[in-house]
Every structure is written in structure tokens, then in C-alpha cells.
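In what follows, a structure is listed as C-alpha cells, so that the remarks can point back to it.
The values are calculated or read from the model by the stated rules, or taken from the named source; none is laboratory data. No experiment lies behind these values; they were computed from the predicted model shown. FYI the Cβ positions are ideal-geometry reconstructions off the backbone, even for glycines, and counts take in every protein chain you see.
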Amino acid sequence: MEQSKSRFLTIDIHTHIIPENLPKWKEKFGYGEFVSLEHHKPCCARMMMDGEFFREIENNCWNAEQRIHECNEVPVDVQVLSTIPVMFSYWAEPKHTLEISKFLNDHIAEICIRYPKRFVGLGTIPMQHTELAIKELKRCKEIGLKGVQIGSHVNDLNLNAPSLFPIFEAMQDLDMALFIHPWWYSAKKKMPDYWLPWLVGMPAETSLAVSSLIFGGIFEKLPKLRVAFAHGGGAFPATIGRIEHGWKARPDLVAVDNVHNPKKYLGKFWLDSLVHDPKMLEYIVDLVGPDKVCLGTDYPFPLGEDIPGQLIKETGFSDIIQEKLLGTSALEWLKMTADQFK
């Protein structure tokens, strides 16, 4: 389909997709709150978890042609596709998570093969099992995916857990991009009201993920690991002053696995632009640099940016910085070139 006509190459690194039809995994595996879809009317479906309603989605959540049509309206030239985080299924038996991952990854890869100028794919892997995760990571690369998306925690493990390090090491060795997205399981019981798991829990989760990678020494040990965090890094940018002060005040508690000042790693990872506020966007660009902030919208969900790229375009950045935020920073993260989308 015809490419959209945008002033600068525009790449949205934070978009979610799901196959139109899902296997009945709960029936097959015999347990669990696996997601199913109920197509109850044209172009709409209910996402169900263990028979309970989770979310209503429209066909732009699975239909590549509809997504391209909507991208052309905006315009967005390229979407980076990743699964909906509820599909991670880290809580399941690893062999079952692997099966689900393969199904989702093959779906994303097929869309990217059909429309290589419009879509780039990120896979999902069974992070709760080191060997199976690395096996599927390698397969993701073989089928053309440019990286993987993982959650901000893996069941009860934070991202500094020793069992996860070999997976991150394999990502670096395979030159695969990593997108870290928060998940709300740890917050949903504490915050049942007012949509707080999404409004408060997710920003906290992302800060937890960034801090775990910093203090766990992952960035120090794997300097070539290309990591991007959703939602502008969540609460991390607003609290880095407090985090640094804690490192200085109580090194006996904070600098246990990594002696370096946490501010050393600012500019070593990417953030998406989904912060909903021009002053916050200006702040994160100043904090990590325009080369490390990429357009991200959470398309097609309601907490996303209504008009992709509008915040970047209307915040008052120079053309040079706009070009980086809208596209070239994402190219660096993905290790791709603009010519690949011409």
C-alpha cells in the first residue's frame, strides 16, 4: 500500500498487535487465564481472560491494512509491532509460553514480510525459562524480527535476577533490540480503583525496570545492549535525583552490585515519547538526549497518543531534533537505515 507522506521519516516504536483468531489455549493446556477473543460484532472483539472481560478491541488491533490506512491519515511511515503485554504469559508452564510465543511471533513476522516498508517486528519470549527464552530469541532473529519486547518484571523476579542475565547477554550477542513494557500484575491487588494500575502502577513498574538494570549492573556488563523503555521511562526520569541521592547516601544498600553513579547511564538507553505533556517531553529529551528519545504512541489503545507525533511536532523543537525524535533515533535503536523504508 502507498507510503504516507510525512515531513520526516516517522517511526512509531510502541504499537501493539494481536492475531485476529487465537487458539483455545486454556482448553488445550487445561489451566490458566489465557486470553481468548470473542468476535461479537464486525470489526470488534472482546479480549477475555479466563472467561472474564478484559478489554474491547477493534480491527486495527489485528488488521494490517487498517493500520496502514490509519497511519497514512496521521501520517506515520513505520510501526514497530509488539504483542499486547497481557499475552506475555510468563506465569504459564514454560513449554506453553514458548508455544504461545511462537504463534505470536510468526504472526508478526508474516505481516512484516508482507509489508516490509511499513512494519518492523519485535518478538516475545518465555522469560521465565532461560534456555527456552534464548532458543526463541534466536528463532526471532531467523524469521526477521529486529528485537523482542519483555515485561518490566518476570513473575516475582525483577530484571536484575541472575537467571535473566544470560538472556540479555544473548540479546547483545545477537544484536537484537530490546523494548521493555510495564505490566500491572504487581499493582492490581493494591490498586483496584480508579484505573490506578495503569495510571500509577505502570510508571512505577518502568522505573523499577530501569533501576534494576542499572543497579544490577546489566548496563555496565552489557554496554552494547540496545534497550528502550515505554512511556518515557515511567517514573524514572522524575525520580533520578532521588535515586542518585540514595546511591550517595546509602551505598551500603544501593551500590551493592554496581558501584557507579546511576546518572552514568543516562543517554545509554532509549525512552519513547509517550509522556502526554510538553514540559515532560522537553525534560526527557534534555535528560537523555534527542538521540535517545523515539516516537511511541501505544497505538491503538486509549492511554496512547491520540494523534501520533503531535506532541513532538507541537512542543517547539527545532527541525533537527524533531527529525531525531520522529525517526532517526528509532533507526539507531533498531540498527536499521532510512533506505530500508524507501
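Counting only helices (runs of 4 or more DSSP H) that sit completely within the stretch 209-297, those holding 2 or more residues that are in contact with a strand residue (DSSP E or B) (Cβ under 9 Å, 6 or more places away or on another chain) correspond to 218-221, 236-249, 278-288.
Counting only residues that are small (Gly, Ala, Ser) and more than 25 Å from Met202 (Cβ to Cβ), the stretch 124-153 holds 1 of them.
What are the residues in the stretch 68-89 that are within 18 Å of the chain's Cα centre (by Cα) and part of a helix (DSSP H, G or I), if any? If the condition is that a residue be within 18 Å of the chain's Cα centre (by Cα) and part of a helix (DSSP H, G or I), then Pro85, Val86, Met87 are the ones that fit. Would it be correct to say that Asp272 is more than 21 Å from the chain's Cα centre (by Cα) and acidic (Asp, Glu)? Criteria not met by Asp272. Consider the stretch 290-329 and keep the residues that are closer than 15 Å to Leu81 by Cβ, out of contact with any Phe, Trp or Tyr (no Cβ under 8 Å at 6 or more places or on another chain) and not polar (S, T, N, Q). The one that is surrounded by the most Cβ atoms within 10 Å (Cβ to Cβ) is Gly296. Picking from residues in the stretch 191-205 that are in contact with a Leu (Cβ under 9 Å, 6 or more places away or on another chain) and in a helix (DSSP H, G or I), the one that is surrounded by the most Cβ atoms within 10 Å (Cβ to Cβ) is Met202. Of the residues in the stretch 165-174, at least one is under 29 Å from Ala133 (Cα atoms), without any contact (Cβ under 8 Å) to a residue 12 or more places away in the chain and assigned to a helix (DSSP H, G or I).
Just for the stretch 248-269: of the residues that are touching a residue at least 12 places away in the same chain (Cβ under 8 Å) and small (Gly, Ala, Ser), which one is farthest from Gly234 (Cα to Cα)? Among residues in the stretch 248-269 that are touching a residue at least 12 places away in the same chain (Cβ under 8 Å) and small (Gly, Ala, Ser), the one farthest from Gly234 (Cα to Cα) is Ala255. Going residue by residue through the stretch 103-111, is there one that turns out to be surrounded by fewer than 16 Cβ atoms within 10 Å (Cβ to Cβ), part of a loop (DSSP other than H, G, I, E, B), assigned by TED's automatic domain parsing to the domain that holds Glu131 and out of contact with any Cys (no Cβ under 9 Å at 6 or more places or on another chain)? No - not one qualifying residue is present in the stretch 103-111.
Just one of (1) surrounded by 22 or more Cβ atoms within 10 Å (Cβ to Cβ); (2) within 21 Å of Gly216 (Cβ to Cβ); (3) modelled with pLDDT of 95 or more fails for Leu145. It is (2).
Summed over the stretch 113-135, residues that are crowded, with 20+ Cβ neighbours inside 10 Å and assigned to a helix (DSSP H, G or I) total 1.
Taking the criterion of being surrounded by fewer than 17 Cβ atoms within 10 Å (Cβ to Cβ) and either assigned to a strand (DSSP E or B) or touching a residue at least 60 places away in the same chain (Cβ under 8 Å) (or both), the residues of the stretch 148-164 that qualify are Asn155, Leu157.
None of Cys71, Cys44 is within 18 Å of Pro302 (Cα to Cα) and crowded, with 20+ Cβ neighbours inside 10 Å except Cys71.
Of all residue pairs spaced 6 or more apart or on separate chains, those with beta-carbon atoms under 9 Å, a first member in the stretch 301-326 that is free of Cβ contacts under 8 Å to residues at least 40 places away in the same chain and a second member that is part of a helix (DSSP H, G or I) and surrounded by fewer than 12 Cβ atoms within 10 Å (Cβ to Cβ) are Thr315/Lys279. Exactly one residue out of Val120, Val80 is closer than 16 Å to Val148 by Cα, in contact with a Phe, Trp or Tyr (Cβ under 8 Å, 6 or more places away or on another chain) and β-branched (Val, Ile, Thr), and it is Val80. Assess whether Ser89 counts as being on the phi > 0 side of the Ramachandran plot and crowded, with 18+ Cβ neighbours inside 10 Å. So Ser89 passes the test.
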